[in-house]
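The values are calculated or read from the model by the stated rules, or taken from the named source; none is laboratory data. If you're wondering where the values come from, they're calculated on a predicted model, not measured in any experiment. Cβ placement follows ideal geometry from the backbone for every residue including glycine, while neighbour counts extend to all protein chains displayed. Only protein heavy atoms, including side chains, enter the accessible area calculation; ligands, DNA and RNA are left aside. Shrake-Rupley method; radii C 1.70, N 1.55, O 1.52, S 1.80 Å.
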Amino acid sequence: MPKPAMTASKPAAAVLLWLLISVALLWLSWACATHSARESISAELDTGLLPRIIAAKGFRIGQYERDDDLLAKINRDIQTLKPQAWLPVISECSLHLQALHGHPQPNAAKDGLIVLARQSTEGTQEFAFAFACQPDYAWWLPTQLGIAALLTALFLHLPRPLSPAGRRWQQTLQRHHPHQADDQNLLQQLRALKDNARPVMELLLQQPGCPVPVALQIARQINQNGKQVEPAWLLKALEQYPDQPDQVVRVACSPARLHFDTAAQTAEIHGIPLRLPLTPFLYYLWYAGIRADSPADEGWFTNPPTNRPDYEQGRRLSQLMQHYGGHGKAINDLQSNGLKAKTLDQNRSKIKDELVSVLGETLAADYLFETARDAQSGRSKYRIKLPPEAITGVEEVSEISLNTADQAT
Amino acid sequence: MPGRYQLISGCALLTLISRSYFHYALTICLLITALVSAYWLLFHTKAPPLNLSDYYSYQCLTRPLPSSAADKPEFQILTVASPHAAQIADKLCGREDFARYYSGVRIRWQRRDFLTLDKIQNTRFDLFFNRAHVVEGIAPNLDLYYRMFRDSPHYSLYWVSLNDQPQMTPEYFAGKTIGLLADPHSQSFHIEPLDSLKIAGIGLQPQQIIFYGDMLSLYNAFNAGDVDLMTTPKGLISNNFDESKARYQLISNDMSPGKWYLSNAVNPDVHCALQTALNIYYSEVFPDAEASHDCQ
């Protein structure tokens, strides 16, 4: 269920808003009360008082009257009125009739003038009442301030409208994680992401298998590491570690490196450990050793001729295998028959199968072999595509088998 | 469960609000409209009924006497003008012989046409003042209920002008405007002036006659020069104009302001008190008239 947004408004802003709403409500309640009071009082004066001054036929009742007496008596009666309301705002209103003759005087009375007209024998007579009301402070102020507080709380809890960026996030969520598309909390976190983390986040959101909070965590951590992440590797990491965001981050941020852990029989490619079968692993290690020890533009090993296996290299490779506990059969074969081109091809193929099965062809490509034709012999030569400095864990290999970088003559 | 359903639909509404700036603004507008409407209803204020006193009456109470009966009625007087009304009432309230029969006095002043047949037939008032022709016109059998108690001295009525000497000739009145009271029952300020012009054979255009609702307006107009002429019972009432500039033309010296009529049901024991009280009225209003009825 989506929750309303709790904005991170500072208390000062909330108080200011409350004050503004209070002023508005005080004005509104006062205006409503005095307007209706004035209408009601006007009606009362019109039906109650004026017929006692001017009769229905239009004659003044007190035609011989001493006007100041009558005026004083009237004003004494209407001086204080206590209006009634469902919610009291006004405590009392005062009225004062200006005169029984003449025209209304412009008045600085607090709430203005009530002017009533009558048709009399002298023409239209206007009676102007100065009208002023007093608020019931004890009731009016606390209630309005209280209602203002409620409204302020309500306003702050209303979900804010989405900016265009926010709406984009929502659309992305809608497409891939529809159940969470209206989660205001999530949207707020998404909007708060730093610019660098956004492409990663967008990519992660598109993966149905990745829950949004996990994706957020990954994106933030990657952003914190400050590393540029390749999308393909990120997705691969996600695939390999579906419920381990830390691992995903590690792999995604990992350098493009091939590391051999001989104890675990594992080639760690871009952070992902691949356990290879023993013999292909050792051949991979051997190729890696050659590549790592050679200058960047070299590191090739040319296949031996098909009819003449390389006994020297076979001996060295068998020594390497023996050191790392390779299969006896492979070792014997190398020692007896030497290093054959066919064996090399087979093993390279196995390595490729293993890598591709986990990484896919595209990602595995840099960690597999490139081929060229040896200029002198015309035979194929192979090397690991990665540059030498990207290969680690093969320091011992050169000790165990001599540096045979140049088979080419 | 209804509660859960409402919560879900409420949350759905919240998400709708956040979809775009337009939705948000619309929601805020709707909230404000709802708030204003609610305030309009909640803070609707109504005035209480006005508690107005009777502006055209005066009351006083007699001193309670130990020997008199418990439930004494109030003595009701009707007259046409407020001057001296309080004095008449107070004089009565102060008299012991009057207090024996009445708990107090209420004197009202209204226009002459306030007195109607039903008020006479019901003897609504114990004592009233009005012109003979008005009363007799309303109730031919007045004697069944009331008798004439006190007549008034006669007074003189004049045309008055602040500009020149009025004369009862058509030539004088040509181009002049006169001010009258609109009340067709007013003898001095409506009936008599018009009749006097008729007697003198002077015909006025309608625009030459301006009617006013009360004396104050009439005096103001006369002083301001809005009308050239008005009538005055010279010496009878204090005039609100500059008498040094005034010129007079007699209309009639046989004007009666009215008579006092007393209900037949009133006990004769209070007649003396009433006469004494009315003496005040006459001594104030007609200072030149002879002293009237005396009793103890």
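Going by the structure shown, is A:Ala149 closer than 28 Å to A:Cys32 by Cα, among the small types (Gly, Ala, Ser), within 11 Å of chain B (Cβ to nearest Cβ) and open to solvent by 30 Å² or more (accessible area, probe 1.4 Å)?
Details: closer than 28 Å to A:Cys32 by Cα: yes; among the small types (Gly, Ala, Ser): yes; within 11 Å of chain B (Cβ to nearest Cβ): no; open to solvent by 30 Å² or more (accessible area, probe 1.4 Å): yes.
No, not satisfied.
Could you tell me whether the stretch B:58-72 includes any residue that is at negative phi and within 14 Å of another protein chain (Cβ to nearest Cβ)? Write out each step before concluding.
If we filter the stretch B:58-72 for residues that are at negative phi, which is where we start, we get B:58-72.
Checking which are within 14 Å of another protein chain (Cβ to nearest Cβ) leaves us with B:58-59.
Checking the stretch B:58-72: at least one residue is at negative phi and within 14 Å of another protein chain (Cβ to nearest Cβ).
Being assigned to a loop (DSSP other than H, G, I, E, B), open to solvent by 50 Å² or more (accessible area, probe 1.4 Å) and farther than 25 Å from B:Pro184 by Cα is the filter here, so list the residues in the stretch A:60-89 that pass it.
Within the stretch A:60-89, A:Gln79, A:Lys82, A:Trp86 qualify.
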Problem set entry | Pairs, first open to solvent by 20 Å² or more (accessible area, probe 1.4 Å) in the stretch A:175-187, second not in a helix (DSSP H, G or I), C-beta under 7 Å, six or more apart | A:His176/A:Gln206; A:His176/A:Pro208; A:Asp182/A:Pro2; A:Asp183/A:Pro2; A:Asn185/A:Lys3
Exercise. Which one of these is over 30 Å from A:Leu100 (Cα atoms), open to solvent by 70 Å² or more (accessible area, probe 1.4 Å), of a type outside the set (Val, Ile, Thr) and without any contact (Cβ under 8 Å) to a residue 24 or more places away in the chain: B:Leu35, B:Leu31, B:Leu61, B:Leu42?
Worked result: B:Leu31
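For the stretch A:234-257, how many residues meet the condition of being under 21 Å from A:Pro388 (Cα atoms) and crowded, with 18+ Cβ neighbours inside 10 Å? Before the answer, list the steps.
So the first thing to find is which residues in the stretch A:234-257 are under 21 Å from A:Pro388 (Cα atoms), and the list is A:251, A:253-257.
Still in the running and crowded, with 18+ Cβ neighbours inside 10 Å: A:251, A:253-254.
So the count comes out to 3.
Residue by residue, here is whether (1) facing chain B (nearest Cβ under 7 Å); (2) within 21 Å of B:Ala81 (Cα to Cα); (3) out of contact with any His (no Cβ under 7 Å at 6 or more places or on another chain) holds:
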{"residue": "A:Trp30", "(1), (2), (3)": "no, no, yes"}
{"residue": "A:Ser40", "(1), (2), (3)": "yes, no, yes"}
{"residue": "A:Leu49", "(1), (2), (3)": "yes, yes, yes"}
{"residue": "A:Ile61", "(1), (2), (3)": "yes, yes, yes"}
{"residue": "A:Tyr64", "(1), (2), (3)": "yes, yes, yes"}
Exercise. Given (1) more than 30 Å from A:Ile78 (Cβ to Cβ); (2) not assigned by TED's automatic domain parsing to the domain that holds B:Val227, where does B:Arg111 come up short, assuming only one miss?
Worked result: (1)
Exercise. Taking the stretch A:43-59 only, how many residues are modelled with pLDDT of 85 or more and either open to solvent by 40 Å² or more (accessible area, probe 1.4 Å) or part of a helix (DSSP H, G or I) (or both)?
Worked result: 10
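Can you tell which of A:Leu278, A:Leu274 is touching a helix residue (DSSP H, G or I) at 6+ places or on another chain (Cβ under 8 Å), closer than 26 Å to A:Ser357 by Cα and at pLDDT 90 or above?
Details: A:Leu278 fails: touching a helix residue (DSSP H, G or I) at 6+ places or on another chain (Cβ under 8 Å).
Going through A:Leu278, A:Leu274 in turn, just one is touching a helix residue (DSSP H, G or I) at 6+ places or on another chain (Cβ under 8 Å), closer than 26 Å to A:Ser357 by Cα and at pLDDT 90 or above: A:Leu274.
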For this session: Could you check, for the stretch B:101-109, whether at least one of its residues is assigned to a strand (DSSP E or B), charged (D, E, K, R) and surrounded by fewer than 17 Cβ atoms within 10 Å (Cβ to Cβ)?
Result: no
For this session: Kindly provide the set of residues from the stretch A:280-308 that are open to solvent by less than 30 Å² (accessible area, probe 1.4 Å) and either more than 14 Å from A:Val397 (Cα to Cα) or part of a loop (DSSP other than H, G, I, E, B) (or both), ordered by number.
Result: A:Pro280, A:Ser294, A:Gly299, A:Phe301, A:Thr302, A:Asn303, A:Pro304, A:Pro305
